[in-house]
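Single-structure report; data block below.
The values are calculated or read from the model by the stated rules, or taken from the named source; none is laboratory data. Fair warning: this is a prediction, and the values are worked out from it, not measured in the lab. Cβ atoms come from the backbone with ideal geometry, glycine included; neighbour counts cover every protein chain shown.
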Amino acid sequence: MSQALLIVDYTNDFVATKGSLTAGKPAQAIEQRVVALAEEFRARKDFVYLPTDLHVENDPYHPETKLFPPHNRLNTWGREYYGELQTWFLQHQAEQNVTAFPKRRYSSFAGTPLDQWLRERNVRDVTIIGVCTDICVLHTAIDAYNLGYNITICQDAVATFNPDGQKFALAHFKNTLGAKVI
Ligand code: ZN
């Protein structure tokens with residue numbers, strides 16, 4: 001049965017030193033691992049999804065406007081993937097098994113076709129990587145849990161703003177969502 005890799009929000013705004021909402025060094029440190037996993041899934045013809053925040057600056061109707069500085073705006077450098085993932089994506093984005101799509105909430109399932117795509121492809125196992133471990137990766141994992149998917153988290157391919165958040169989320173994946181943390 002096919003598997004899917006979800007690469008959550010690995011963009012310049014969340015990862016690069018000059019990104020507007022950056023997790024900084026811990027996020028930059030997972031770059032090689034993120035790209036290696038993308039290539040591993042692609043090469044064995046599994047599915048690679050890149051759920052990516054999309055925001056409109058100062059959107060008065062969006063709850064994140066009050067919570068975070070503007071990030072991941074359409075057609076900006078900040079919304080491009082960070083480092084070698086951008087190179088990898090440009091190379092493979094036209095392939096059928098590689099799909100980037102916008103999301104408007106923390107969870108990659110909220111208001112997106114992701115659950116339908118996975119069901120159409122008979123995917124029951126999802127591996128979630130990217131940033132931030134305790135925000136968008138966590139909310140995506142919670143929805144995956146509620147929808148009945150088997151979840152794997154690669155702990156060397158997720159990162160967040162601080163060690164406490166990382167520690168909490170990794171424990172939560174394992175102990176509360178029943179995820180395989182590898
Ligand atoms: Zn956002």
The condition from (1) surrounded by 11 or more Cβ atoms within 10 Å (Cβ to Cβ); (2) over 21 Å from ALA23 (Cβ atoms); (3) among the basic types (Lys, Arg) that ARG44 misses is numbered (1)
Matching residues in segment 48-70 - criterion: being in contact (Cβ under 8 Å) with a residue 24 or more places away in the chain, within 16 Å of the ligand (Cβ to nearest atom) and not aliphatic (A, V, I, L, M): PRO51, THR52, ASP53, HIS55, HIS62, PHE68, PRO69, PRO70
Flagged pairs (Cβ under 6 angstrom, 6 or more apart or on separate chains; first in segment 129-146, more than 19 Å from LYS25 (Cβ to Cβ); second of a type in the set (Phe, Trp, Tyr) and at pLDDT 95 or above) are HIS139/TYR106; ALA141/PHE173; ASP143/PHE109
If you go through segment 90-106 one residue at a time, do you hit one that is away from the ligand (no atom under 16 Å from the Cβ), closer than 27 Å to THR65 by Cβ and out of contact with any Cys (no Cβ under 9 Å at 6 or more places or on another chain)? no
Restricting the first residue to segment 96-125 and requiring it to be on the phi > 0 side of the Ramachandran plot, which pairs with a second residue that is surrounded by 15 or more Cβ atoms within 10 Å (Cβ to Cβ) meet a Cβ separation below 7 Å and a spacing of at least six or different chains? GLY111/ARG104; GLY111/ARG105; ASN122/SER2
Against the condition over 17 Å from the mean Cα position of the chain (by Cα) and either in contact (Cβ under 8 Å) with a residue 12 or more places away in the chain or within 19 Å of CYS154 (Cα to Cα) (or both), how does LYS45 come out, does it pass? yes
Enumeration of residues in segment 121-148 that are away from the ligand (no atom under 16 Å from the Cβ) and either closer than 19 Å to PRO102 by Cα or of a type in the set (Lys, Arg) (or both): ARG121, ARG124, VAL126, THR127, ILE128, ILE129, ALA141, ILE142, ALA144
Report whether or not ASP13 is at pLDDT below 95 and either acidic (Asp, Glu) or in a loop (DSSP other than H, G, I, E, B) (or both). no
Of everything in segment 1-19, what is more than 24 Å from LEU114 (Cα to Cα) and either surrounded by fewer than 18 Cβ atoms within 10 Å (Cβ to Cβ) or without any contact (Cβ under 8 Å) to a residue 12 or more places away in the chain (or both)? Give them in sequence order. THR17, LYS18
Candidate set: segment 86-110, residues that are of a type in the set (Ser, Thr, Tyr) and surrounded by fewer than 19 Cβ atoms within 10 Å (Cβ to Cβ); chosen: the one farthest from GLN32 (Cα to Cα): THR99
Within segment 147-167, work out how many residues are within 20 Å of GLY19 (Cβ to Cβ), assigned to a loop (DSSP other than H, G, I, E, B) and free of Cβ contacts under 8 Å to residues at least 40 places away in the same chain. 1
Which one of the conditions (1) surrounded by 18 or more Cβ atoms within 10 Å (Cβ to Cβ); (2) touching a Ser or Thr at 6+ places or on another chain (Cβ under 8 Å); (3) at positive phi does GLY130 fail to meet, given that it meets all the rest? (2)
